[in-house]
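Have a look at the structure below before the remarks.
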Amino acid sequence: MINFNEKIQKVLIDVYEYFLFLLNATRAVFGRPLYTKEVIEQLYQTGYRSISIVSLTGFFTGMVLAFQTGNELSRFGAKAYIGGVVAVSLVRELGPVLTALVVAGRVGAGITAELGSMKVTDQIDAMRAMATDPYKKLVVTRMLALLIMMPVLTVLSDVVGLIGGMVIAVTNLNVGFELYKSTVMNALLVEDLISGLMKPVFFGMLVSSVGCFLGMNTSGGTKGVGSATTMSVVISSIFVLVLDFILTKLTFLMGKPI
Amino acid sequence: MIKIENLCKRFGDKVVLDNLSLEFERGKTTVVLGRSGTGKSVLLKLILRLMDIDSGRIYVDNIDTTDFSELQMMAVRKKMGMLFQGSALFDSMSVFENVAYMLREHTSLSESEIKERVEEKLRFVEMLGTQDLMPSELSGGMQKRIALARAMANNPDYIFFDEPTTGLDPITAQTINELIKRVQVQTHTTVIVVTHDLDSANFVGQKFVLLKDGGISFEGTPSEFNNSNIEFVKLFRTGGKVING
Ligand SMILES: Nc1ncnc2c1ncn2[C@@H]1O[C@H](COP(=O)(O)OP(=O)(O)O)[C@@H](O)[C@H]1O
Ligand SMILES: [Mg+2]
């Protein structure tokens, strides 16, 4: 039991340090220098290089979604609405969440592994010794990049997912392209688009800050880098799901129709 | 000149530095000796304030830096170059970019001036021609040289070496020793070398400090060190081997 108490204490300290880290990072956003070149490099690394895996995930999700719900809808003679169902599920939920999970696995893990190995080989200390603020140079640049890229990737995933759904609708369910398109357009409300774009902003913050935090606090050599990287994916993924629930709940509380 | 007064540092309940007072004279090479784990690296990191001081004061050029903020320390760090034990080169950057790092960050030198300065420093460490290589393509000794070139790029007043010869073969180690001496002779930089390698210490040192249990067990010139009758100094010199006399 003593062990259990100690564990809780340790978790609380970690959480406290995480929020301290967030505060420091936020402070580092302001004031010079702003590493524009590094931000662009990170936009490329986190965004451009995630395009294929995010598209792939979106495409298959859209297809599976259309296939599964299409069969159910057929039973009620409502398969004409397939576009609407796919669109709402994708834009509200699956697009943001699945994109965030994929990005947590690809980008979040990469950030932790990179910063973690820099930490354990003294490169972070070397940077500070050369009068650079690693928060500005490494953390802020990565957080900004993901803050921008997560919504972009999510929109991409949504669009590709809708195309995937369309492929199944047209080839498998005999729903024509025009009908599919119009049910998609009719189903989506402005609120859906807003919440579908707001979620990835938070997810981007979450994945990048957890990735950076764990990387910057890595210790214990190569093995430490390995476990920090695993930890980064696990924590980011869990909290993407938790945060998704909270944000969904909030949007409903704020009066969004179901 | 760097002056340290009553410096204390502990991790948890483990006391590493205990009321340490020490002066590093301008233009001299001071060697800080001590067994592994006595806090030699910690001492350098405290001077650079890469970790926080528990108590005591640190003066750099007669200015008390103890209560400096991270931002104020930046200015102090620009006067210092540090060679980390594992070299700590940026492994995502080429040799050129590593050496150019400080110049790009803190100066407004033009690209051709940067190129000139990088070549000057690489020539100094006899590594000219490696500009386009990545750190992973270099041997341990070569990495040390590049790290020295990087530390010297901004022409610092102080250079710190953390165990510069540890893990190198004796011949490579001696080439590094010669470089350290060259730094001191040619640039009049104030040098601190932290090591447990006595051959290296005797070759480069003008003043020796031996740490033990967080404090100083010996302080003086190399010849005083080599003739000292302090038990721990004798032990450190011989490694516990009994010398026939
Ligand atoms: N960041 C740290 N956290 C906890 N303990 C540390 C840290 N850095 C150093 N120590 C401890 O301080 C002592 C001195 O370390 P160090 O200065 O690296 O020794 P050395 O004289 O070999 O360079 C060691 O016992 C080490 O375990
Ligand atoms: Mg050490």
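Report, ordered by the first and then the second residue, all pairs with beta carbons closer than 8 Å, sequence separation of six or more or different chains, a first member in region A:12-23 that is surrounded by 12 or more Cβ atoms within 10 Å (Cβ to Cβ), and a second member that is assigned to a helix (DSSP H, G or I) and among the hydroxyl-bearing types (Ser, Thr, Tyr).
A:Tyr18/A:Ser209; A:Phe21/A:Ser209; A:Leu22/A:Ser209
Give me the pairs: first residue in region A:87-106 and of a type in the set (Lys, Arg), second residue buried (at least 20 other Cβ atoms within 10 Å of the Cβ), beta-carbon distance under 9 Å, and six or more apart or on different chains, which are they?
Correct list of pairs: A:Arg92/A:Ser195; A:Arg92/A:Gly196; A:Arg92/A:Lys199; A:Arg106/A:Thr46; A:Arg106/A:Ser50; A:Arg106/A:Val54.
Being within 22 Å of the chain's Cα centre (by Cα), surrounded by fewer than 17 Cβ atoms within 10 Å (Cβ to Cβ) and within 30 Å of A:Val120 (Cβ to Cβ) is the requirement here; does A:Ser209 meet it?
On the way: within 22 Å of the chain's Cα centre (by Cα): yes; surrounded by fewer than 17 Cβ atoms within 10 Å (Cβ to Cβ): no; within 30 Å of A:Val120 (Cβ to Cβ): yes.
When the stated conditions are applied, A:Ser209 does not pass them.
Can you tell me which residues in region B:72-98 are more than 17 Å from the chain's Cα centre (by Cα), under 24 Å from B:Thr190 (Cβ atoms) and more than 7 Å from chain A (Cβ to nearest Cβ)? Full working, then the answer.
First, pick out the residues of region B:72-98 that are more than 17 Å from the chain's Cα centre (by Cα): B:72-75, B:90-98.
Still in the list and also under 24 Å from B:Thr190 (Cβ atoms): B:72-75, B:98.
B:Gln72, B:Met73, B:Ala75, B:Asn98 - these are the residues of region B:72-98 that are more than 17 Å from the chain's Cα centre (by Cα), under 24 Å from B:Thr190 (Cβ atoms) and more than 7 Å from chain A (Cβ to nearest Cβ).
Return the residue satisfying two criteria in turn: it lies in region A:162-206 and is more than 30 Å from A:Ser236 (Cβ to Cβ) and of a type in the set (D, E, K, R), and of such residues it is surrounded by the fewest Cβ atoms within 10 Å (Cβ to Cβ).
Only one residue tops the list, namely A:Glu178.
Pull up region B:22-53, narrow it to residues that are within 14 Å of ligand 2 (Cβ to nearest atom) and polar (S, T, N, Q), then point me to the one that is surrounded by the fewest Cβ atoms within 10 Å (Cβ to Cβ).
B:Ser36
Going through region B:37-55 one residue at a time, which ones are in contact (Cβ under 8 Å) with a residue 12 or more places away in the chain, outside any loop (DSSP other than H, G, I, E, B) and within 11 Å of ligand 1 (Cβ to nearest atom)?
B:Lys40, B:Ser41, B:Val42, B:Leu43, B:Leu44, B:Leu46
I need a count of the residues in region B:71-130 that are in a helix (DSSP H, G or I), surrounded by 14 or more Cβ atoms within 10 Å (Cβ to Cβ) and hydroxyl-bearing (Ser, Thr, Tyr).
1
Does B:Ala151 fit the bill of being under 18 Å from A:Ala129 (Cα atoms), in contact (Cβ under 8 Å) with a residue 12 or more places away in the chain and not acidic (Asp, Glu)?
When the stated conditions are applied, B:Ala151 passes them.
Mind checking whether some residue in region B:201-212 is out of contact with any helix residue (DSSP H, G or I) (no Cβ under 9 Å at 6 or more places or on another chain), at pLDDT below 95 and not β-branched (Val, Ile, Thr)?
No, region B:201-212 contains no residue that is out of contact with any helix residue (DSSP H, G or I) (no Cβ under 9 Å at 6 or more places or on another chain), at pLDDT below 95 and not β-branched (Val, Ile, Thr).
Residue-wise test of (1) within 15 Å of ligand 1 (Cβ to nearest atom); (2) within 14 Å of another protein chain (Cβ to nearest Cβ).
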| residue | (1), (2) |
| --- | --- |
| B:Glu163 | yes, yes |
| B:Asp169 | no, no |
| B:Thr175 | no, no |
| B:Thr195 | yes, no |
| B:Asn202 | no, no |
| B:Gly205 | no, no |
| B:Val209 | yes, no |
| B:Val233 | no, no |
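Collect the residues in region B:10-21 that are away from ligand 2 (no atom under 16 Å from the Cβ) and among the aliphatic types (A, V, I, L, M), keeping them in residue-number order.
B:Val15
With the structure loaded, tell me whether B:Glu137 is away from ligand 2 (no atom under 16 Å from the Cβ) and either farther than 28 Å from A:Met216 by Cβ or within 11 Å of chain A (Cβ to nearest Cβ) (or both) or whether it fails that test.
Details: away from ligand 2 (no atom under 16 Å from the Cβ): yes; either farther than 28 Å from A:Met216 by Cβ or within 11 Å of chain A (Cβ to nearest Cβ) (or both): no.
In short, no.
The values are calculated or read from the model by the stated rules, or taken from the named source; none is laboratory data. Values in this document were obtained by computation on a predicted structure and should not be read as measured data. In this analysis, Cβ positions are derived from the backbone assuming ideal geometry, glycine residues included, and neighbour counts consider all displayed protein chains.
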